[in-house]
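Enquirer: My structure is below; once you've seen it, I'll send some questions.
The values are calculated or read from the model by the stated rules, or taken from the named source; none is laboratory data. Everything numeric in this text was worked out from a predicted model, so none of it was measured. With ideal geometry, Cβ positions are generated from the backbone for all residues, glycine too; neighbour counts draw on all protein chains shown. Keep in mind that these areas ignore ligands, DNA and RNA; they rest on the heavy atoms of the full protein, side chains included. Shrake-Rupley method; radii C 1.70, N 1.55, O 1.52, S 1.80 Å.
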Amino acid sequence: MQRNQSFALVALFAALMAVLGLIPKIDLPLGVPITLQTLGVMLAGCLLGPRRAFQALFLFMVAVAIGLPLLSGGRGGFGVFMTPAAGYLVAWPIGAFVTGLVMYTLPSGSPRQIALSAFVASALGGLLVIHASGVVGLMGIAGMSLTQALIGTSAFVPGDLIKCVLTAVVCHTVARGLPDWQFGKRNT
């Protein structure tokens with residue numbers, strides 16, 4: 001893949017994260033909102049591969065840190081990294097990388113295999129990695145016990161599983177419509 005095309009994909013997925021942030025958030029009592037932006041993490045990992053997915057999410061997080069209101073609900077600035085949601089947010093680039101790495105290693109011979117691989121990759125990187133970091137953030141910033149943090153993060157799991165299914169559907173559609181798409185196999 002040409003360097004310019006790679007840069008364009010990184011910028012495109014950072015912009016996709018911003019667009020997903022326009023969808024209103026649902027606030028929960030534990031201080032972490034439900035948003036669609038983790039779908040962007042999963043899609044970036046599955047479609048771009050580990051390196052470019054990390055770059056896209058890192059670019060997005062830098063834009064948030066410098067104050068652009070790109071998070072759901074118009075949030076932005078360094079202060080968002082001091083909230084109970086910080087553990088989830090800082091895990092987005094890592095979750096995208098892990099999702100891409102898992103996607104890279106799983107079978108991709110047919111659209112059906114790609115969809116199954118995308119579901120597994122999204123569940124491991126986009127759900128497990130992000131939630132593990134979120135639990136650490138809830139314990140450190142919100143002062144929750146491990147049990148409280150696990151119970152709190154469990155509220156997100158059903159919705160995130162739906163996002164894993166949506167990612168699988170999108171990847172299946174891309175595989176059928178763009179059979180030459182590499183799903184991160186090249187230039188990872």
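Enquirer: For L161, are the conditions met, namely being open to solvent by 20 Å² or more (accessible area, probe 1.4 Å) and under 24 Å from L30 (Cα atoms)? I'd like the intermediate steps shown before the answer.
Expert: On the way: open to solvent by 20 Å² or more (accessible area, probe 1.4 Å): yes; under 24 Å from L30 (Cα atoms): yes.
Spelling it out, L161 is indeed open to solvent by 20 Å² or more (accessible area, probe 1.4 Å) and under 24 Å from L30 (Cα atoms).
Per-residue answers, yes or no, for (1) open to solvent by less than 60 Å² (accessible area, probe 1.4 Å); (2) assigned to a helix (DSSP H, G or I); (3) of a type in the set (S, T, N, Q):
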site	(1), (2), (3)
G87	yes, yes, no
V90	no, yes, no
A96	yes, yes, no
L101	no, yes, no
I114	yes, yes, no
F119	no, yes, no
S133	yes, yes, yes
G140	no, yes, no
A175	yes, yes, no
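Enquirer: If I ask for residues that are under 19 Å from G76 (Cα atoms) and not in a helix (DSSP H, G or I), which ones from segment 1-29 would you list?
Expert: Hits for segment 1-29 are G21, L22, I23, P24, K25, I26, D27, L28.
Enquirer: Which number in (1) open to solvent by 60 Å² or more (accessible area, probe 1.4 Å); (2) out of contact with any Gly (no Cβ under 8 Å at 6 or more places or on another chain); (3) part of a helix (DSSP H, G or I) marks the one condition that G109 misses?
Expert: Evaluating G109 over (1) open to solvent by 60 Å² or more (accessible area, probe 1.4 Å); (2) out of contact with any Gly (no Cβ under 8 Å at 6 or more places or on another chain); (3) part of a helix (DSSP H, G or I) leaves (3) as the failure.
Enquirer: Exactly one condition in (1) touching a Ser or Thr at 6+ places or on another chain (Cβ under 7 Å); (2) over 30 Å from Q2 (Cα atoms) is false for F78; which is it?
Expert: So the condition that F78 fails would be (1).
Enquirer: Filter segment 36-81 for residues that are outside any helix (DSSP H, G or I) and open to solvent by less than 20 Å² (accessible area, probe 1.4 Å); which is farthest from A118 (Cα to Cα)? Talk me through it step by step, then tell me what you get.
Expert: The first filter runs over segment 36-81 and keeps only residues outside any helix (DSSP H, G or I), leaving 36, 49, 66-77.
Now drop any that are not open to solvent by less than 20 Å² (accessible area, probe 1.4 Å), which leaves 49, 71-72, 77.
Details: G49: 11, L71: 24, S72: 24, G77: 32 Å.
This residue is G77.
Enquirer: Just one of G40, G95, G74 is over 22 Å from V135 (Cβ atoms) and of a type outside the set (F, W, Y); which is it? Working first, answer last.
Expert: Numbers: G40 fails: over 22 Å from V135 (Cβ atoms); G95 fails: over 22 Å from V135 (Cβ atoms).
Answer to the selection: G74.
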